[in-house]
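Some notes on the structure that comes next.
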Amino acid sequence: MSQRNSLPDKTGFPGGRPLLALLVLCGAAVVLAASSCVPFGREPGTGFRMDERGRDEFVLHVDNHNFADARLYARWNGDRRRIGIVRGNQEQHFTLGWDSRQLRIEVDFLAGGGFVSPSVLVNRGDTVVFQIPARAR
């Protein structure tokens, strides 16, 4: 009776699929952050605080766990807009115009490589937390 080895391989991911694991991790982080908005302190019935942000804006908080600097782009249903650069192992906040559509974040590492996140629905006034994993390429 043979027993299959379920331990992670040398890449550190079960089954040796780092890209799939990376996409799942990024997608889960974006969805969790976007869905964790707490209504406390918000105007009734609106879901966002008018006193903190404009009507058509949201905040993107990027936490880069990678050593490489990353250039970020917002992808709104085919449109690609430059967000900015987040240095390696740094955090950065961006206030972006809300476009009422599904958002995907494109990460382009200045050292080469990159990826595009799964899409997430963004509402006005949301704070979206996006994490770039240390092993992303």
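The values are calculated or read from the model by the stated rules, or taken from the named source; none is laboratory data. Note that the coordinates shown come from a computational prediction; the quantities given were computed from them, not determined experimentally. Note: ideal-geometry Cβ built from the backbone for every residue, glycine included; neighbour counts use all protein chains shown.
V86 falls short on exactly one of the conditions (1) surrounded by fewer than 14 Cβ atoms within 10 Å (Cβ to Cβ); (2) modelled with pLDDT of 95 or more, and that condition is (1).
Among the residues of region 110-135, those identified as buried (at least 21 other Cβ atoms within 10 Å of the Cβ) and in contact with a Phe, Trp or Tyr (Cβ under 6 Å, 6 or more places away or on another chain) are V122, G125, D126. Taken over region 89-112, the criterion of being closer than 17 Å to R124 by Cα, hydrophobic (A, V, I, L, M, F, W, C) and modelled with pLDDT under 95 is satisfied by L96, W98, L103. Being outside any loop (DSSP other than H, G, I, E, B), of a type outside the set (A, V, I, L, M, F, W, C) and modelled with pLDDT of 95 or more is a condition met by at least one residue of region 53-63.
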